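Worksheet: the structure to be examined is printed underneath.
The values are calculated or read from the model by the stated rules, or taken from the named source; none is laboratory data. All values reported here derive from a predicted model rather than from experimental measurement. Backbone-built Cβ (ideal geometry, glycine too); neighbour counts: all protein chains shown. Ligands, DNA and RNA are stripped out before the accessible areas are found, and what is left, the full protein with its side chains, is counted by its heavy atoms. Shrake-Rupley method; radii C 1.70, N 1.55, O 1.52, S 1.80 Å.
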Amino acid sequence: MKAVVLTGVGQVEVQERRDPTADPLHVVVHVDVASLCGTDAHQFEGRIDSPFPRVPGHDFAGTVVSVGEGVDESLVGQQFAVKPSLPCGNCAACVDGPSLDCPNKKLIGLWSDGCFAELVAVPRVNLVPIPDGVPIWGAALLEPFAVALNCIDRLQIKLGDSVLVLGQGPIGLAVARFAALSGAGRLTVTDVREEVFEVSRAFGATDCLDSRTDGLVERVLEMHGGRGADIVVETSGAPAASASVIDLVRKEGKASFIGYANDLPGIPVVPMMLKTATVFGVGGNGGRGQYERSLELIRAGRVDLSPLVTHRFSLDDAPEAFEVASTKRDGAIKVLLEP
C-alpha cells in the first residue's frame with residue numbers, strides 16, 4: 001500500500017508499505033478521506049516530538065475491508081468514522097470494559113503509525129457509524145469538533161457569558177461555533193488571517209481581532225469593561241497567545257488550554273491564583289460520546305462543514321499538502337487527503 005511518511009523535520013515521502021492485517025477484535029479500514037490537523041503540521045515543523053520515520057494522521061473515515069477474530073464480518077463494506085485514540089489493551093478498562101475509558105490511550109499518527117495511508121488497522125470499538133446526511137469527507141473532519149465539544153462540556157458556558165477564543169484554525173472555529181450554540185453573549189475571536197474571519201462570523205463570532213495588533217490585551221480588556229472575558233480558550237498553540245490567557249480572563253473566570261506544542265510557556269501560577277481563575281487543560285477529544293454528538297450536530301445542520309475544506313490532495317501530493325497546511329498558504333483551513 002502507499003503511505004505518507006515523515007522522515008524528518010520538514011521531510012515528507014510517499015512510500016510503499018506492507019498492508020496491515022486485522023488482529024483479534026480489530027478491523028482493517030481503507031482510508032477514503034483523511035484530514036490534516038495542527039498536530040500533523042506541528043510534527044512536520046518539529047514543534048511536537050515525533051519519532052521518525054512516522055506515518056502521521058489521525059482524523060479520517062473509511063470503509064472496512066477485513067475483520068479479525070471476534071468481529072462481525074457484516075462490517076465489511078460499511079463506512080465509518082474512526083476514533084483516533086488507541087486503548088492499551090492491558091489496563092482494567094481494557095480488560096473489563098469499556099476500553100474507550102482506557103487511561104493510557106495513545107493517538108495514532110503520533111505514538112504509532114497513522115491514517116495517511118491507503119489502509120490502517122484499528123480496534124473494532126473505535127468505529128463510529130456515519131448517520132445519513134453526513135458525507136464521508138465530513139466524517140473525516142470530526143476530531144476538531146470532538147476536541148471542541150470536550151472543551152465546551154467542561155467550561156459549562158452560561159447564557160450570555162462573554163467568550164474569547166484565541167486562534168481560528170479548525171479547533172478554534174469549532175470552539176467558536178459550539179460556544180455560540182451554547183449561548184455565549186459577546187464572542188470574540190483572534191487570528192492573524194483576515195480571510196478566516198468570514199467563517200468565524202458565520203459560526204457566530206461577534207468580534208474578530210488581528211492577534212498581531214499592538215496592545216491586544218488592553219483592547220480586549222477595554223471591550224469587556226476593563227475586567228477581561230468570562231471565558232478564554234487558547235487553541236492556536238502559539239507561545240505568545242498561551243502566555244496572554246491569564247491576563248485576558250476576568251477575576252474568577254475560566255480559561256482553557258487546547259493548543260499544544262513543545263515551545264509553550266508555563267502557566268503563570270501567581271496571576272492565576274490572584275484571579276482565582278479556573279483552568280482546564282484539554283488534551284484531546286474526551287472519548288465519551290463527543291464523536292457521536294459531533295456527528296449528530298452535523299447531521300442536524302447545526303454545523304456547516306463546507307466552509308472549512310479549502311484544499312484536497314491525493315496521497316502522491318502529500319508533500320505539497322503538508323506545506324500548504326503548515327504555512328496556511330492560499331487561505332488554507334482544512335486540507336484533505338483522498339487516497
Note to self: What whole-number distance in Å separates the alpha-carbon centres of segment 73-127 and segment 219-284?
What the structure shows: 33
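Two decimals, Cα atoms only, Kirkwood Rh: what is Rg/Rh over segment 1-85?
1.02
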Next item on the list: Over segment 1-71, with every protein chain in place, what whole percent of the accessible area is carbon and sulfur at 1.4 Å, could you tell me?
Entry: 49
Notebook entry, point to check: Any number yet on Rg/Rh for segment 278-339, C-alpha, Kirkwood?
Noted result: 1.08
Check: What does the accessible area per residue of segment 7-109 come to in Å², with a 1.4 Å probe and no ligands, DNA or RNA counted?
Finding: 46
Next item on the list: Just order 274-283, 36-45 by mean Cβ neighbour count inside 10 Å, highest at the front, would you?
Entry: 36-45, 274-283
Margin query: For the chain, set up a GNM with springs between Cα atoms under 10 Å and report which of Gly77, Gly225, Gly62 has the largest fluctuation.
Written below: Gly225
Note to self: Expected output is a single nm value to one decimal: the length gained when fully extending between Glu338 and Asp316, i.e. 0.36 nm times separation in residues minus the C-alpha distance. What is it?
What the structure shows: 6.9 nm
Next item on the list: Scan around Val165 for amide H atoms under 5 Å from its own, H built in the peptide plane at 1.01 Å from N, and keep only partners 5 or more places away or cross-chain.
Entry: Thr188, Val189, Thr190, Val233
Notebook entry, point to check: Do the sum for the chain: with -39,500 (n - 2.57) for every DSSP H run of n ≥ 4, divided by all residues, what is the mean residue ellipticity at 222 nm, to the nearest 500 deg cm²/dmol?
Noted result: -7500 deg cm²/dmol
Next item on the list: Provide the descending list of Cα extents for segment 1-155 along its principal axes, expressed in whole angstroms.
Entry: 43, 41, 37
Check: Taking a quarter of the surface of the convex hull around the Cα atoms of segment 104-145, what do you get in nm²?
Finding: 4.0
Notebook entry, point to check: Quick one: if you take sqrt(5λ) for each eigenvalue of the C-alpha gyration tensor of segment 74-145, what semi-axes come out, biggest first, whole angstrom?
Noted result: 22, 15, 12
Notebook entry, point to check: In Å, the Kirkwood hydrodynamic radius of segment 127-284 over pairs of distinct alpha carbons?
Noted result: 15.8
Check: Along each of its three principal axes, how wide is the spread of alpha-carbon positions in the chain, in whole angstrom units, largest first?
Finding: 61, 42, 38
Checklist line | Cβ crowding within 10 Å averaged over residues, with 182-190, 330-338 ranked highest first | finding: 182-190, 330-338
